[in-house]
Structures are given as C-alpha cells and as structure tokens.
Amino acid sequence: MPLAVSMAMIAPTPLLAQSGTAGWLSSPGVVGTLVLLGIVLLVAALVVSAKVDRLLRSLRRKGAGDGAMARLGERGLVSTYSNEPDNPLVDEKKPQEMVMEVQPGLRRMIVWYLGCAVSWLVIGTLIGQYVGMKFVWPDMDQQSWLSFGRLRPVHTNTVFWGWASLAMIGLGYFVVARTSAAAIPSLRRGWRALGWMNLGILSGNLFLMAGINNGGGEYREYIWPAVLPFAWGLFLTFRNFYGTVKRRTIGEIYISNWYMLAALVWTLVLVTIGYLPWYQNGLGETVIQGYYMHQGVGMWFMTFTLGLLYYYLPSAFNRPIYSYSLGVLAFWTQMLFYTLIGTHHFVFAPLPWWLQTVAIVFSAGMFIPVVAGTTNFLMTMRGSWSAIGRSYVLPFFLVAVVFYFVGSTQGSFQAFRFTNHLWHFTDFNVAHSHMTMYGIITFALWACMYAIVPRLTGREPAQLLVGAHFWLAFIGLFAYMISMMAGGTLKGLMWLEGRPFIDGVTGSRPYWIWRAIGGSLMFVSHLLFAWNFITMVRRPAADPATTAAPTPTIA
C-alpha cells in the first residue's frame, strides 16, 4: 500500500527532468534521501508481509481444527474474516491484570497530563486538517480568525506545546520516579505546572486567532505574556524532576534522567534567549530564529523523547538496554552537535559564510548520535521480532525507531548546500517536519502511553481499535510525507529554472490533494486514539492487584 501510494504520487512529475538542473538526482543529499525512503518502504513491506503471513498461518491452524480451511476456497483466497480474540490482523495483547504500585496521587496526575495532551492533539490536528483543506479550497471561508495565516501557527503550537510537551512530561513523571526509586518532591507543584502550561497554550492560541502574535518567528509566534506561564510551568517541572533525581536511593542516574533533565534545562535557556528584546529584529533575529526553531525540536522534543525511549522500550521488551555506554555517547554527541546546526535553515542567506559552513558540518556530525541511538534501540529489540508481530504496542516503537534514523539522517542530508538550495522553503520542509515530529515523537509517545496507561489503570483498549489507529496513522503519514516530498522537489526545480512562482502553486495542487487525504487518515486515527485513551482511564479496574514496575537494568 505505501509503495503504491508513493508511486502514484511520484508518477505525475515529468517536469523533474528539465534543463538547467541536470544532475540534481545524483547529488549526495538527494541520493541519501532516496535510500532512506527505500528503508521506510522496506520496513513497511516487512510489517505488511508479517501480518499477511500470520493471517494465513492462523487460518490454516483454524482450518485444521474446525474445517475453516474450506472458507479459503480452492485458489487459497480469503473469503471471510473474523473478529474473534485471536484475530491475526490486530493481535490480542495479553490482558493487564496487575496494576503498578506508584506514589499516592501520582497516577491521577499522570493521567491528567496525558488527558490534556490527548485533548490538545485532537484540537490541534483538527485545525491542521482544516488548514490543509484550504490548499485545495482556498475560498472555503471569509472569516479573518479562520485565515491560513492565523490558524497555521495555532496548529503547530498546539501540537508542539499542548500535545507533545504535556504527554512527554506526564510520561516523564513516571520514569523519573521509577528509575530514581524516590517519590516526587511535590505533586502540588506538578499540578500547578500543568495549570500554568495549559493557560499559556490557551491564551497563546486566542491571541493568535485575534491576530496578535510575535511576528514571523516560526514556532515562537506566541507573544511573551502567553509564553511566560508556559515557561514557568517548565521551571516547576524541572524543580520536581531535579528534586526526584537528587533524592534517588540508587547510585547511578539512569540514562533517561540525563536526557529529560538536559531537555528541560535547554528549553528554559532557549525560551529566555528567544524572547530577549534585542534579538527581535535584523540579522540577529534571523540567527536566533534558526537557533530557537531547531533547538525546540532537537533539544526539547527529541532529547526528552529519547529519554522516554530509554526506559519504556527496554521495559516493553522486558530486557535491559543494550549498551549504557552507547546511550552516554549518543547523549554527549547530541549535546555537542545539535546546538550549532540551526543556521542551516538560512544557507545562502546574508549571514557569515563560515557560520553557514559550521551549521552544515555539525549537521553531518549528527550522524554519530543518531547511529549510536538507533543501534542501541535495535540491538535491544534483537531476537524479539516475532514479539513485535504479536503485540499492538511494539509496532509503534518500531516505527518511532526507524523514523528516528530516517528522519534525522534525512535532515542532515538536507543541510547540504545543494539540497538546501533545492528543497528549503518548499513543501519538502513540511514533509521533513512531519517525518520527525510525527514519525518519531508522536509514534514514540503513543507507544509509551499504550505501554504504561493500562498498567496504571488496569484497563485495556480494544485491540482492534488500536490496530486501526496504527495503520491509519502510518498510511496517512506515508501519503502525507511522499506527496510533500514529490511536490516540494517539483516546486524547487521550477524555482531553480526561474519559472514564474504561480507555476509552482498550480503544479503543487495534485500533491496538496494527496496531502489532504493523508491528513484526513491521520486525523481519524487521532479520534480512535482519543477513544482508546478514554477506554483506558474512564474508570478504575475493579479491585486490581498491585505489582512493582520493572526497571531497566544498566548493562
């Protein structure tokens, strides 16, 4: 299916081979991106093949027992389906009968953080869906507060700060307490932080829809009165996390806590610098914008989520992380290289050439933490591939890990001067953003939530709906990503050839339709996810037994 979607969207691109851009297909960045795209296609094909194989095996087993093989027909074609518990398309997860023992009050606070995050996900992506449809029907409304320019930052800021940030912090509270074997110093402080951050997101969105914003700074469109309560919430969170680690009853600081504490510190520094009044104009504003925009993704979302993966992924496989040393190497190289790559968003801009070169070189340096981290995760999963086929949680982890390698590496390739010249400021950037923020961050957060919430509440979601959530989100992401890559490449080539700007607009229309289709699938999957979450938390399990949570071992 993903292959068919990608071929259908790439097919109408006869304009790619134009004079004046000869040889673009053989440039290192383009070749590397195509190879990475092939990896995603290969993984998708393997997952689909595994599911089909399990389907056929299950039907054969059932046929041997009750004569169901007759339903396959003489040609071996499937002519019926089953919703029975051993449905091989979306496998039954073993019911969670034990509820983890956690600090009194912590379970409720985590559920509230995650519940707020889910609400912001539905709201933010509903707005994103509406904005995406405007590319196809630009005159669908005439209200100023519904205009593209106002709603687009509402979409991005809501999913960034509302969905991903609150989900990360909620999941992080469980990790920092468990891996430190210590109680959270102040749950009241955690509740206050949740209130402040929700206030910042709500007020920031209302300001944006009223046309009050911080100018053209992408991802920092909120004005400072809206950012301040969010930043205060982050500071309160840092105090709780740091206090928990400080009170730990074990010797080592588990690697997850390194990542999460670093992410909180970096983000507080980032927000402070990004809103200093003397960096709001001129070239200084441009440099700080690149710094802010990329650090927001790399040092907050990516760093914190990697910390979550270092706990939840080995816990899901019931084994220690493959190498603690690789985790430390990935941590320090991420801190070293990621902090100086923001200027690669402004290659060929009127900024010092050496500054642009440093950003490109350090972007290439990101191969080190990405390869180290990916190797660590894949080696932790080694020998358990059959378990991935039997679980509804583990495929989310697999997609997150694969996209961590593909999305991050593709970003490094895109920093090269030629590929930057070809793709930057086109729809290709939108594809890259969704590859990372959706393929990595969101799939990882879903995996962690499906792994931990049933163990906190004792309630499982319907496995069929979790499977539908996974496939709709995965196929939707693929349709969205490929359409934006193909359309962005076409637009970039037109710009390089000096074609009129409007040609790029009209030429992008078929890809924007595919984008709307992919976005619709993704949004429907979010509705299913919201229902699954409600199922998991709507009421506590009856008289649950309690058990201690597994803690990953330092290997």
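Which condition number does P12 fail, the rest of (1) modelled with pLDDT under 75; (2) within 20 Å of T436 (Cα to Cα) being met?
(2)
Listed residues W196, W278; which is modelled with pLDDT of 95 or more and either open to solvent by 40 Å² or more (accessible area, probe 1.4 Å) or not in a helix (DSSP H, G or I) (or both)? Write out each step before concluding.
Details: W278 fails: modelled with pLDDT of 95 or more.
Exactly one of W196, W278 is modelled with pLDDT of 95 or more and either open to solvent by 40 Å² or more (accessible area, probe 1.4 Å) or not in a helix (DSSP H, G or I) (or both), namely W196.
In the set I388, I360, I341, which member is touching a Pro at 6+ places or on another chain (Cβ under 8 Å) and either aliphatic (A, V, I, L, M) or closer than 25 Å to I288 by Cβ (or both)?
After applying the criteria, what remains is I388.
For segment 238-256, which residues satisfy the criterion of being in contact (Cβ under 8 Å) with a residue 40 or more places away in the chain and not β-branched (V, I, T)?
Hits for segment 238-256 are R239, N240, F241, G243, R247, R248, E252, Y254, S256.
Among all residue pairs at least 6 apart or on different chains, which show Cβ distances below 7 Å where the first residue, located in segment 414-440, is in contact (Cβ under 8 Å) with a residue 12 or more places away in the chain and the second is in a helix (DSSP H, G or I) and among the charged types (D, E, K, R)?
What qualifies is T426/K491; D427/K491.
Of the residues F397, F348, F443, F405, which is on the phi > 0 side of the Ramachandran plot and touching a helix residue (DSSP H, G or I) at 6+ places or on another chain (Cβ under 9 Å)?
One residue alone meets the criteria, F348.
Go through segment 452-507 residue by residue and tally those that are over 29 Å from L308 (Cα atoms), open to solvent by 30 Å² or more (accessible area, probe 1.4 Å) and part of a helix (DSSP H, G or I). Let's see the steps before the verdict.
Pass one, segment 452-507, residues over 29 Å from L308 (Cα atoms): 483-507.
Then drop every residue that is not open to solvent by 30 Å² or more (accessible area, probe 1.4 Å), which leaves 495-503, 505-506.
Within this subset, residues satisfying the condition of being part of a helix (DSSP H, G or I) are 495-496, 501-503, 505-506.
Final tally of qualifying residues: 7.
Within segment 281-291, take every residue that is open to solvent by 10 Å² or more (accessible area, probe 1.4 Å) and touching a residue at least 24 places away in the same chain (Cβ under 8 Å) and give me the one that is nearest to Q356 (Cα to Cα).
Keep residues of segment 281-291 that are open to solvent by 10 Å² or more (accessible area, probe 1.4 Å), which gives 281-289, 291.
Checking which are touching a residue at least 24 places away in the same chain (Cβ under 8 Å) leaves us with 283, 285-287, 289, 291.
On the way: L283: 13, E285: 15, T286: 12, V287: 10, Q289: 14, Y291: 12 Å.
Result: V287.
Would you mind stating whether F403 is within 13 Å of the chain's Cα centre (by Cα), modelled with pLDDT under 95 and outside any loop (DSSP other than H, G, I, E, B)?
Working: within 13 Å of the chain's Cα centre (by Cα): yes; modelled with pLDDT under 95: yes; outside any loop (DSSP other than H, G, I, E, B): yes.
Criteria met by F403.
Only one residue in L326, L309, L355, L313 is open to solvent by 10 Å² or more (accessible area, probe 1.4 Å), at pLDDT 90 or above and in a helix (DSSP H, G or I), so which one is that?
It is L326.
Kindly check whether there is at least one residue in segment 431-438 that is assigned to a helix (DSSP H, G or I) and over 24 Å from W514 (Cβ atoms).
The answer is no, given that none of the residues of segment 431-438 is assigned to a helix (DSSP H, G or I) and over 24 Å from W514 (Cβ atoms).
The values are calculated or read from the model by the stated rules, or taken from the named source; none is laboratory data. Bear in mind the structure is a predicted one, so any value in this text is a computation, not a measurement. Glycine also receives a Cβ, built like all others from the backbone with ideal geometry; neighbour counts cover every protein chain displayed. Surface accessibility is based on the protein's heavy atoms, side chains included, excluding ligands, DNA and RNA. Shrake-Rupley method; radii C 1.70, N 1.55, O 1.52, S 1.80 Å.
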